[in-house]
């Protein structure tokens with residue numbers, strides 16, 4: 001059957017000399033994988049740039065149940081990016097987030113609340129110029145609302161250390177816990193009380209940002225099976241350390 005839908009590109013890889021396989025999170029059918037033939041031919045209707053990380057698309061798609069690879073009839077860019085492809089930091093963040101989403105979004109059914117969160121957050125990320133270096137941190141925290149393991153913000157003077165396994169703050173007690181752990185936990189608490197509109201007010205250095213990201217990846221790994229090694233993590237770290 002033919003369906004009209006919006007989509008967010010999670011991943012693509014070249015298939016043969018002229019084609020590619022792309023995984024797209026759609027508004028109507030959740031995660032779907034498409035074989036797109038002839039993309040790298042000179043006169044192709046589907047340009048490879050359509051399938052860059054987090055591209056926001058309008059699609060007409062053929063869906064056949066039990067078929068692993070679906071087909072695309074028509075495709076166009078729904079939100080042409082203004083800054084994301086041309087900004088080194090934003091491009092690295094987009095690559096990282098697309099890998100996280102590729103590994104975490106598995107359902108092949110519609111989830112409009114989740115889709116709308118992703119879609120509008122990516123639009124905001126592209127357009128906004130304030131605090132974009134911290135976007136991925138808040139994005140990952142907010143995403144846990146939809147994945148079912150949003151942290152409990154019980155932070156206080158006594159509960160000042162974030163525990164990834166339990167998803168809440170505990171007393172700072174043992175000798176194994178460093179001042180760096182406590183500082184990262186403080187920033188975790190701040191992020192839990194921040195909106196995208198206020199990201200520009202968070203002034204953190206690259207060390208704090210990288211420590212927070214490591215904490216969040218640990219948090220995801222403990223609560224989601226199959227996350228594994230996030231390959232783009234090291235790329236993102238190197239971008240922030242430049």
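If only one of 153, 197 is out of contact with any strand residue (DSSP E or B) (no Cβ under 7 Å at 6 or more places or on another chain) and assigned to a helix (DSSP H, G or I), which one is it? Reasoning before the result, please.
Values: 153 fails: assigned to a helix (DSSP H, G or I).
Criteria check complete, one pass: 197.
Would you check if residue 169 is assigned by TED's automatic domain parsing to the domain that holds residue 103 and either assigned to a strand (DSSP E or B) or surrounded by fewer than 16 Cβ atoms within 10 Å (Cβ to Cβ) (or both)?
Details: assigned by TED's automatic domain parsing to the domain that holds residue 103: yes; either assigned to a strand (DSSP E or B) or surrounded by fewer than 16 Cβ atoms within 10 Å (Cβ to Cβ) (or both): yes.
Yes, satisfied.
In the condition set (1) touching a helix residue (DSSP H, G or I) at 6+ places or on another chain (Cβ under 9 Å); (2) under 14 Å from residue 26 (Cα atoms); (3) not in a helix (DSSP H, G or I), residue 82 is compliant with all but (2).
One line per residue, one yes/no per condition, for (1) more than 17 Å from residue 133 (Cα to Cα); (2) in contact with a helix residue (DSSP H, G or I) (Cβ under 8 Å, 6 or more places away or on another chain):
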position: 45; (1), (2): yes, no
position: 64; (1), (2): yes, no
position: 69; (1), (2): yes, no
position: 74; (1), (2): yes, no
position: 77; (1), (2): yes, yes
position: 87; (1), (2): no, yes
position: 91; (1), (2): no, yes
position: 96; (1), (2): no, yes
position: 101; (1), (2): yes, yes
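Of the set (1) buried (at least 16 other Cβ atoms within 10 Å of the Cβ); (2) outside the structural domain of residue 241 (by TED's automatic domain parsing), all apply to residue 98 but (2).
In segment 117-132, the qualifying residues are those that are touching a residue at least 60 places away in the same chain (Cβ under 8 Å) and out of contact with any helix residue (DSSP H, G or I) (no Cβ under 9 Å at 6 or more places or on another chain), and the one that is surrounded by the most Cβ atoms within 10 Å (Cβ to Cβ) is 119. Taking residue 27 as the residue in question, decide whether it is in contact (Cβ under 8 Å) with a residue 40 or more places away in the chain and either over 23 Å from residue 95 (Cα atoms) or crowded, with 16+ Cβ neighbours inside 10 Å (or both). The answer is yes for residue 27. Of all residues in segment 30-52, those that are in contact (Cβ under 8 Å) with a residue 40 or more places away in the chain and either part of a loop (DSSP other than H, G, I, E, B) or closer than 16 Å to residue 110 by Cα (or both) total 4.
Mind counting the residues in segment 56-79 that are assigned to a loop (DSSP other than H, G, I, E, B) and over 11 Å from residue 33 (Cα atoms)?
Quick first cut of segment 56-79, residues assigned to a loop (DSSP other than H, G, I, E, B) only: 63-69, 78-79.
Filter once more, so that each one left must be over 11 Å from residue 33 (Cα atoms): 64-66, 78-79.
Residues meeting the conditions: 5.
For segment 200-223, which residues satisfy the criterion of being in a loop (DSSP other than H, G, I, E, B) and over 22 Å from residue 121 (Cα atoms)?
Looking only at segment 200-223, we keep the residues that are in a loop (DSSP other than H, G, I, E, B), and these are 202-205.
Scanning segment 200-223 gives a single hit, 205.
The values are calculated or read from the model by the stated rules, or taken from the named source; none is laboratory data. The structure displayed is predicted, hence computed values, not measured ones. Note: ideal-geometry Cβ built from the backbone for every residue, glycine included; neighbour counts use all protein chains shown.
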